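None of the figures in this text is laboratory data; all of them are computed from the coordinates on show. Because the structure is predicted, anything quoted here is derived from the model rather than measured. Neighbour counts run over all protein chains shown; Cβ positions are idealised from the backbone, glycine included.
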Amino acid sequence: MTSVYRNLDLETVLSEYQPALHVDDLGAIMQGYHDRGVEARAHVEHRRIAYGTHPDEWLWYVPGPSSDAPLLVFIHGGYWRRLSADDGCLLSPGAHALGLAFASINYTLCPNGPLDLLVDQTRRAIDRLHSDAPTFGFDPARMHISGHSAGGHLAAMVSLHDPRPRGYIMVSGIFDITPIVHTPINDDVRMSNADAEHLSPMGRIVPRPGTDCITTWGERETSEFRRQSIEWAERWSAIPNHPRAIAVESPNRHHFDVIDDLVLPGSPLGSAVRAQILG
């Protein structure tokens, strides 16, 4: 068969890059994100804050216990076309319990905007958080950016241009997005091959001395999501003066529940995140 990406044929790319094909009930998983976000906002104080003028440009902010608390930012996944900052709130109780401030960023979903708009929105949201840290009430020198799946891609795109975050946590991220052009996902994302090349952070990592990075994936992920996370960590670690990236496989997790370990005490990922943020 003809290869369409690396040494993979089209059938393999369609399987490897559509994780929804590998779980039993995606609808129930998405509803679970929503319900847990609603429950989180009912039990922990959340502030809805605009970072721009577009109706989609807002975020949820959860204050930390003190003005010098670290901030954990979360960028939701959904392959750039599903979910919202509401769903990202499912992580806020765990972050709050760790003594962190927390933010969940919202952005426009494809096809309502092009992917480069989503990248720009994410960067501007983080800029607003950093610039107004005294007003929000967290330590701007202790800001850590996390993202899940497509949110991992957006976090990586931030890392190419913004030297201010102290660390990154990429959860089942996708860093070379060129294979997505061959999938039905691109019906909404609408990238050309040139767009996908330009918006792929793999191979464009910028030296960030003193900036930490964790990449993680679920044990039950497809091999390509695993490979991309490992390759990002290897490339990050190979840059002179970079701290070595930590690569963590989350046992018994698939693409959609691996985020549960992000702030779960005692899990391999949760332990790595705690060490990175709290030392």
Query - Under 12 Å, Cβ to Cβ, from E221 - net charge with Lys/Arg +1 and Asp/Glu -1 - result: -1
Query raised in the report: Of all the C-alpha pairs in the range 28-145, what % are more than 22 Å from each other?
Result: 30
**Report entry** Rounded to 10°, Cα long-axis angle of helix 150-159 versus longest principal axis of the chain
**Finding:** 70
Requested in this report: Mind pulling the angle between the C-alpha long axis of helix 26-43 and the longest principal axis of the chain? Nearest 10 degrees, somewhere in 0 to 90.
Outcome: 10
Query raised in the report: How high is the FRET efficiency from D132 to N193, r the C-beta distance, R0 51 Å, rounded to 0.05?
Result: 0.85
Query - In Hz, Karplus ³J(HN,Hα) per residue of the range 226-241 (6.51, -1.76, 1.60; θ = phi - 60°; x = Gly, Pro) - result: 4, 4, 5, 5, 5, 5, 4, 4, 5, 5, 4, 5, 7, 6, x, 6
Requested in this report: Neighbouring Cβ atoms within 10 Å as the yardstick, rank C110, C89 fewest first.
Outcome: C110, C89
Query raised in the report: Picking from A245, A28, A95, which is most flexible by a Gaussian network model of the chain using Cα springs under 10 Å?
Result: A28
Report summary line: By the mean-Cβ-within-10 Å protection proxy, highest first, 223-231, 46-54 rank as 223-231, 46-54
Query raised in the report: In the chain, with Lys and Arg counted as +1 and Asp and Glu as -1 at Cβ, which of these residues, Y168, Q228, G151, has the Cα nearest the positive end of the dipole, that is, farthest along it?
Result: Y168
Report task. Please find, in a Gaussian network model of the chain (springs between Cα atoms separated by less than 10 Å), the residue of V258, V13, V158 whose mean-square fluctuation is greatest. Result -> V13
Query raised in the report: To the nearest Å, what is the center-to-center distance of the range 192-211 and the range 1-69, using C-alpha atoms only?
Result: 21
**Report entry** Kirkwood hydrodynamic radius (C-alpha pairs) into Stokes-Einstein, the chain, 10 °C and 1.306 mPa s, D in µm²/s
**Finding:** 85
Report summary line: Across A20, A155, A101, the residue with the highest GNM fluctuation in the chain (Cα network, 10 Å cutoff) is A20
Report task. State the extension gain, in nm to one decimal, for the chain segment bounded by N241 and H54, taking 0.36 nm per residue of separation less the distance between their alpha-carbons. Result -> 63.4 nm
